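Here is the structure we will look at.
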(Lines give C-alpha, C1' and ligand atoms only; values in the text may rest on other atoms or scores of the structure.)
Protein backbone atom coordinates (compact mmCIF):
# COMPACT_ATOMS: atom_id res chain seq x y z
CA UNK A 1 0.00 0.00 0.00
CA UNK A 2 1.09 3.55 -0.71
CA UNK A 3 -0.23 6.63 1.06
CA UNK A 4 -1.45 9.46 -1.14
CA UNK A 5 -2.62 12.96 -0.34
CA UNK A 6 -4.81 14.37 -3.06
CA UNK A 7 -7.20 17.30 -3.23
CA UNK A 8 -10.42 16.32 -5.00
CA UNK A 9 -13.10 18.91 -5.67
CA UNK A 10 -11.61 21.17 -3.02
CA UNK A 11 -11.31 18.54 -0.26
CA UNK A 12 -7.98 16.97 0.71
CA UNK A 13 -7.93 13.21 1.18
CA UNK A 14 -5.20 10.98 2.65
CA UNK A 15 -5.60 7.34 1.78
CA UNK A 16 -3.62 4.14 1.51
CA UNK A 17 -4.00 2.71 -1.98
CA UNK A 18 -2.61 -0.13 -4.03
CA UNK A 19 0.13 1.24 -6.30
CA UNK A 20 -1.67 -0.16 -9.36
CA UNK A 21 -5.06 1.43 -8.53
CA UNK A 22 -6.31 3.63 -11.35
CA UNK A 23 -7.38 7.18 -10.58
CA UNK A 24 -10.86 6.48 -11.96
CA UNK A 25 -11.23 3.56 -9.54
CA UNK A 26 -9.98 5.68 -6.63
CA UNK A 27 -12.44 8.45 -7.43
CA UNK A 28 -15.41 6.13 -7.83
CA UNK A 29 -14.75 3.37 -5.29
CA UNK A 30 -12.92 5.23 -2.53
CA UNK A 31 -14.43 8.72 -2.78
CA UNK A 32 -17.85 7.99 -4.28
CA UNK A 33 -17.30 10.34 -7.24
CA UNK A 34 -19.47 8.28 -9.56
CA UNK A 35 -19.90 11.12 -12.07
CA UNK A 36 -16.51 10.05 -13.36
CA UNK A 37 -17.59 7.22 -15.63
CA UNK A 38 -15.69 4.07 -16.54
CA UNK A 39 -16.28 3.58 -20.23
CA UNK A 40 -13.65 1.50 -21.92
CA UNK A 41 -10.67 1.11 -19.52
CA UNK A 42 -8.36 1.70 -22.48
CA UNK A 43 -8.41 5.54 -22.70
CA UNK A 44 -10.23 5.40 -26.03
CA UNK A 45 -13.62 6.86 -25.07
CA UNK A 46 -12.85 9.78 -22.74
CA UNK A 47 -15.85 9.17 -20.46
CA UNK A 48 -13.52 9.19 -17.44
CA UNK A 49 -11.97 12.60 -18.19
CA UNK A 50 -11.20 14.74 -15.13
CA UNK A 51 -8.93 17.70 -14.54
CA UNK A 52 -5.56 17.07 -12.90
CA UNK A 53 -4.04 20.38 -11.84
CA UNK A 54 -6.43 22.11 -14.23
CA UNK A 55 -5.71 20.02 -17.34
CA UNK A 56 -7.89 17.25 -18.66
CA UNK A 57 -6.67 13.68 -18.32
CA UNK A 58 -8.31 10.33 -18.87
CA UNK A 59 -8.43 8.98 -15.35
CA UNK A 60 -8.34 5.38 -16.57
CA UNK A 61 -4.78 6.00 -17.78
CA UNK A 62 -3.51 7.67 -14.59
CA UNK A 63 -2.61 5.80 -11.44
CA UNK A 64 -3.98 7.15 -8.16
CA UNK A 65 -0.40 7.38 -6.85
CA UNK A 66 0.40 9.76 -9.72
CA UNK A 67 -2.20 12.17 -8.32
CA UNK A 68 -0.37 12.30 -4.97
CA UNK A 69 0.20 15.95 -4.07
CA UNK A 70 -2.00 17.18 -6.90
CA UNK A 71 -5.49 18.57 -7.36
CA UNK A 72 -8.28 16.72 -9.17
CA UNK A 73 -11.55 18.22 -10.30
CA UNK A 74 -14.41 15.95 -11.26
CA UNK A 75 -17.70 16.86 -12.90
CA UNK A 76 -19.21 16.90 -9.39
CA UNK A 77 -16.77 19.62 -8.39
CA UNK A 78 -17.76 22.07 -11.12
CA UNK A 79 -20.93 23.52 -9.60
CA UNK A 80 -20.52 26.48 -7.25
CA UNK A 81 -23.05 27.22 -4.52
CA UNK A 82 -25.63 25.03 -6.22
CA UNK A 83 -25.15 26.80 -9.57
CA UNK A 84 -24.15 24.68 -12.52
CA UNK A 85 -20.89 25.48 -14.24
CA UNK A 86 -21.52 27.41 -17.49
CA UNK A 87 -20.50 24.34 -19.52
CA UNK A 88 -22.92 22.11 -17.60
CA UNK A 89 -25.66 24.69 -18.14
CA UNK A 90 -24.87 24.95 -21.86
CA UNK A 91 -25.00 21.16 -22.28
CA UNK A 92 -28.42 21.21 -20.61
CA UNK A 93 -29.73 24.18 -22.59
CA UNK A 94 -28.39 22.89 -25.92
CA UNK A 95 -29.67 19.33 -25.35
CA UNK A 96 -26.09 18.16 -25.85
CA UNK A 97 -26.70 14.69 -24.47
CA UNK A 98 -28.88 11.71 -25.01
CA UNK A 99 -27.92 8.74 -22.87
CA UNK A 100 -25.55 10.94 -20.85
CA UNK A 101 -22.81 8.37 -20.45
CA UNK A 102 -20.15 10.45 -22.22
CA UNK A 103 -21.38 13.77 -20.86
CA UNK A 104 -19.12 14.14 -17.78
CA UNK A 105 -16.00 13.52 -19.84
CA UNK A 106 -17.24 15.74 -22.67
CA UNK A 107 -17.90 18.58 -20.25
CA UNK A 108 -14.47 18.27 -18.62
CA UNK A 109 -12.69 18.13 -21.99
CA UNK A 110 -14.75 21.07 -23.29
CA UNK A 111 -13.69 23.24 -20.36
CA UNK A 112 -10.06 22.40 -21.02
CA UNK A 113 -10.55 23.09 -24.73
CA UNK A 114 -11.84 26.61 -24.01
CA UNK A 115 -8.97 27.23 -21.59
CA UNK A 116 -6.58 26.60 -24.50
CA UNK A 117 -8.69 28.23 -27.21
CA UNK A 118 -11.33 30.66 -25.89
CA UNK A 119 -12.99 31.17 -29.28
CA UNK A 120 -12.79 27.94 -31.27
CA UNK A 121 -14.39 27.42 -34.65
CA UNK A 122 -16.78 24.52 -35.12
CA UNK A 123 -13.94 22.44 -36.59
CA UNK A 124 -11.61 23.34 -33.71
CA UNK A 125 -14.25 22.18 -31.22
CA UNK A 126 -14.64 18.91 -33.09
CA UNK A 127 -10.85 18.47 -33.20
CA UNK A 128 -10.53 19.36 -29.51
CA UNK A 129 -13.10 16.74 -28.52
CA UNK A 130 -11.67 14.07 -30.81
CA UNK A 131 -10.55 11.82 -27.93
CA UNK A 132 -14.02 11.81 -26.36
CA UNK A 133 -16.55 9.54 -28.03
CA UNK A 134 -20.32 9.89 -28.12
CA UNK A 135 -22.34 7.16 -29.71
CA UNK A 136 -25.73 8.90 -29.44
CA UNK A 137 -25.74 12.57 -30.38
CA UNK A 138 -23.81 13.05 -33.61
CA UNK A 139 -21.91 15.80 -31.74
CA UNK A 140 -23.90 18.70 -33.27
CA UNK A 141 -25.44 19.91 -30.00
CA UNK A 142 -22.21 19.25 -28.10
CA UNK A 143 -20.40 21.59 -30.49
CA UNK A 144 -23.27 24.07 -30.12
CA UNK A 145 -22.94 24.00 -26.32
CA UNK A 146 -19.17 24.57 -26.37
CA UNK A 147 -19.49 27.43 -28.83
CA UNK A 148 -22.29 28.98 -26.71
CA UNK A 149 -20.00 29.06 -23.68
CA UNK A 150 -17.21 30.52 -25.79
CA UNK A 151 -19.59 33.24 -27.03
CA UNK A 152 -20.44 34.08 -23.39
CA UNK A 153 -16.79 34.69 -22.58
CA UNK A 154 -15.61 31.15 -21.92
CA UNK A 155 -15.64 28.69 -19.06
CA UNK A 156 -14.56 29.88 -15.63
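Taking residue 63 as the residue in question, decide whether it is modelled with pLDDT of 95 or more and touching a strand residue (DSSP E or B) at 6+ places or on another chain (Cβ under 9 Å).
Working: modelled with pLDDT of 95 or more: yes; touching a strand residue (DSSP E or B) at 6+ places or on another chain (Cβ under 9 Å): yes.
For residue 63, the condition - modelled with pLDDT of 95 or more and touching a strand residue (DSSP E or B) at 6+ places or on another chain (Cβ under 9 Å) - is met.
Conditions (1) within 12 Å of the chain's Cα centre (by Cα); (2) assigned by TED's automatic domain parsing to the domain that holds residue 18, marked per residue:
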{"site": "56", "(1), (2)": "yes, yes"}
{"site": "59", "(1), (2)": "yes, yes"}
{"site": "63", "(1), (2)": "no, yes"}
{"site": "67", "(1), (2)": "no, yes"}
{"site": "70", "(1), (2)": "no, yes"}
{"site": "90", "(1), (2)": "no, no"}
{"site": "93", "(1), (2)": "no, no"}
{"site": "99", "(1), (2)": "no, no"}
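The values are calculated or read from the model by the stated rules, or taken from the named source; none is laboratory data. These figures come from a predicted structure and were not determined experimentally. So basically every Cβ, Gly included, is an ideal-geometry build from the backbone, and we count neighbours across all protein chains shown.
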